Amino acid sequence: MSGAHWLQSYAHLDSPIHRAPASIKLLATLAFVTGVVLIPIEHVGWMALALALAFGIGRVARIPFSAFVGRIALAQPFALGVAVLVLFQGRGLTVFGAVALKSTACVAVVQLLAQTTPFPDLLDVLRRARLPDVFVLVLALLHRYLFVLIEESRRMRRARLARTWRTSPWQTWRSLASVIAVSFVRSIVRAERISVAMRARGFS
Amino acid sequence: MHIPDGFLSAPVSVTCAGLSTVAVGAATFRSRGRLGPRAVAMVGVTAAFVFAAQMINFPVVGGTSGHLVGGVLAAVLVGPSSAIIVMTAVLALQCLVFGDGGLLALGANVLNMAVVQPLVGFAIYTAILGHARPGRGRDVRRIAGVAFAGCFATLVAAATCAGELALSRVVAPALVLPAMISVHVVVGVGEAVITGLVIAALVRLRPELLDRARASWVSPASSIVVPGLAAALALALFVTPFACPWPDGLERVVERLGISPSQARISIPAPLRGYVVPGLGGASTTAAAALVGTLLASGLCVVLGLCLAPRSARSGPPERPS
């Protein structure tokens, strides 16, 4: 989870999928995932079909294939761990195959939603779905300041690395912890400034 | 610990979503009066902070690295009900934008990491901190308490996660529970050390921030209700995997609710009945191991607290340019 590639978004591309309304995409994703979860484990063919469908839509949406697969792989270590556990029990192989196929299809389609829909559009859908205002607002603020804070913590880490030329694991842990602590203090100061700015612009 | 889609059966997903909706709703309701423009900005930026803190990797033995879950840290910094909102927002964003954790499994993930972990952690932290007077003793208690809370709450969340997987009939409970627990002992120790270090740094830098969060969020009633609820929830979910008749009870409930049996059977595949795992000790061995582990963990936390608490008496917080 370290490189910038993990944060790279393809939501700005243009394709028929990108142009579809966010609400329809969200509903379709939810329906797809529910459908896949409800497939009985014997029907491997349907799961393979679902997976193929997800990848097909990925092609139509013009998301680079390597990025698509890479993002799926990033989300799947947990799935792999549990799926390997499944191998140790009766009928393990069938359940393993089913669970691996199902979860990959679902992860692929959720990735697809994320990569074809700008986050503000999704927020708009959530607001119209009568989610509490507080919640939508918190999500919006989170998305807005996430990248700012990540960049800031990277800057602090870089400064720390540039000044430390001999280190032990314990020292590394301590310095990273103080980076986190200082970045919390800075976020609080930033939150104060943001709230003043919000009120100054008429937010109540 | 992010469960992807496809692992949980529909009844388990729906039940977890219901439970976490209630919890998040209660948290939102509790903070409704307080969430003015100032608090909203605070909660939003804290959520961004937790997300960013999760992205900082720590070296663990042998070239592997781990990272923070952050629920306990959030609960200690901004209070339990705000922490629930913060963590829910983080998980929702991870699901919707980064595809980490399933869409249908979001309810379960929120329950484990945004409800169970912060509440259990905060309950332990409050219990250990008690009403100590300001001074080195309280700093030691605070750091040791937060470290122990971080470790234990992570384990409880892992057990909840294992329980959900077992109830979905994907993996046998006797298989998934020990596996999840043993993996998360390592994660939990990492969480304990890093949460303890962060709080120790804050005790040195800005001790008043820690007390502000506590003073404004803990009322006498909630200091009894929150730990009680958390303990009940943890106990229920901890014991569930061991209770064999329960899943059948769930099936019966599903049938009685009017969902046709065929549909119920689709989502609850039954081939995993009667699993036996050889090589696992009896209940007494497990209990003994748990006891030793708990003692070791609390010893470690006390040492951590003693090492990290500032030695000299403070003469007010140091001035920091911002």
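Spot the failing condition for A:Ala181; the list is (1) within 22 Å of the chain's Cα centre (by Cα); (2) at pLDDT 85 or above, and only one is missed.
The single condition A:Ala181 does not satisfy is (1).
Does any residue in segment B:194-212 that is under 13 Å from B:Asp139 (Cα atoms) come within less than 8 Å, Cβ to Cβ, of a residue that is open to solvent by 10 Å² or more (accessible area, probe 1.4 Å) and aromatic (Phe, Trp, Tyr) six or more places away or on a different chain, and which pairs are these?
B:Leu197/A:Trp173
Please go through segment B:167-184 and give me each residue that is part of a helix (DSSP H, G or I), at pLDDT below 85 and more than 13 Å from the chain's Cα centre (by Cα), ordered by number. Steps first, please.
Taking segment B:167-184 first, the residues part of a helix (DSSP H, G or I) are B:167, B:173-184.
The next check asks that each one be at pLDDT below 85; those that pass are B:173-184.
Answer for segment B:167-184, where residues must be part of a helix (DSSP H, G or I), at pLDDT below 85 and more than 13 Å from the chain's Cα centre (by Cα): B:Pro173, B:Ala174, B:Leu175, B:Val176, B:Leu177, B:Pro178, B:Ala179, B:Met180, B:Ile181, B:Ser182, B:Val183.
Quick test of your reading of the structure: A:Val107 fulfils all but one of (1) open to solvent by 30 Å² or more (accessible area, probe 1.4 Å); (2) among the aliphatic types (A, V, I, L, M); (3) within 30 Å of B:Ser182 (Cβ to Cβ). Name the failing condition by number.
It is condition (1) that A:Val107 fails.
Restricting to segment A:70-96, give me the number of residues that are open to solvent by 50 Å² or more (accessible area, probe 1.4 Å) and within 17 Å of B:Phe98 (Cα to Cα).
Residues meeting the conditions: 3.
State whether the residues of segment A:62-69 include one that is within 11 Å of chain B (Cβ to nearest Cβ), assigned to a helix (DSSP H, G or I), in contact (Cβ under 8 Å) with a residue 12 or more places away in the chain and open to solvent by less than 40 Å² (accessible area, probe 1.4 Å). Outline the logic, then answer.
Looking only at segment A:62-69, we keep the residues that are within 11 Å of chain B (Cβ to nearest Cβ), and these are A:68.
Now restrict to residues that are assigned to a helix (DSSP H, G or I): A:68.
Still in the list and also in contact (Cβ under 8 Å) with a residue 12 or more places away in the chain: A:68.
Those still in the list that are open to solvent by less than 40 Å² (accessible area, probe 1.4 Å) too: A:68.
Taking every residue of segment A:62-69 in turn, at least one turns out to be within 11 Å of chain B (Cβ to nearest Cβ), assigned to a helix (DSSP H, G or I), in contact (Cβ under 8 Å) with a residue 12 or more places away in the chain and open to solvent by less than 40 Å² (accessible area, probe 1.4 Å).
Let me confirm something: among A:Leu126, A:Leu161, A:Leu131, A:Leu176, which residue is within 7 Å of chain B (Cβ to nearest Cβ), hydrophobic (A, V, I, L, M, F, W, C) and either without any contact (Cβ under 8 Å) to a residue 24 or more places away in the chain or open to solvent by less than 30 Å² (accessible area, probe 1.4 Å) (or both)? Before you say what the answer is, go through the steps one by one.
Values: A:Leu126 fails: within 7 Å of chain B (Cβ to nearest Cβ); A:Leu161 fails: within 7 Å of chain B (Cβ to nearest Cβ); A:Leu131 fails: within 7 Å of chain B (Cβ to nearest Cβ).
None of the others qualify; the one that does is A:Leu176.
Are any residues in segment B:121-138 touching a helix residue (DSSP H, G or I) at 6+ places or on another chain (Cβ under 8 Å), part of a helix (DSSP H, G or I) and either small (Gly, Ala, Ser) or open to solvent by 10 Å² or more (accessible area, probe 1.4 Å) (or both), and if so, which ones?
Of the residues in segment B:121-138, the ones touching a helix residue (DSSP H, G or I) at 6+ places or on another chain (Cβ under 8 Å) are B:121-130, B:132, B:138.
This time we only want the ones that are part of a helix (DSSP H, G or I), so: B:121-129, B:138.
Matches in segment B:121-138: B:Gly121, B:Phe122, B:Ala123, B:Ile124, B:Thr126, B:Ala127, B:Ile128, B:Arg138.
If A:Met198 passes every condition in (1) more than 7 Å from every other protein chain (Cβ to nearest Cβ); (2) surrounded by 14 or more Cβ atoms within 10 Å (Cβ to Cβ); (3) over 17 Å from B:Val50 (Cα atoms) but one, which one does it miss?
Unmet condition: (1).
The values are calculated or read from the model by the stated rules, or taken from the named source; none is laboratory data. A quick note: this is a predicted structure, and the numbers were derived from the prediction, not measured. All Cβ positions, even for glycine, are placed from backbone atoms using ideal geometry, and neighbour counts span all protein chains on display. Side chains included, ligands, DNA and RNA excluded: accessible areas come from the protein's heavy atoms. Shrake-Rupley method; radii C 1.70, N 1.55, O 1.52, S 1.80 Å.
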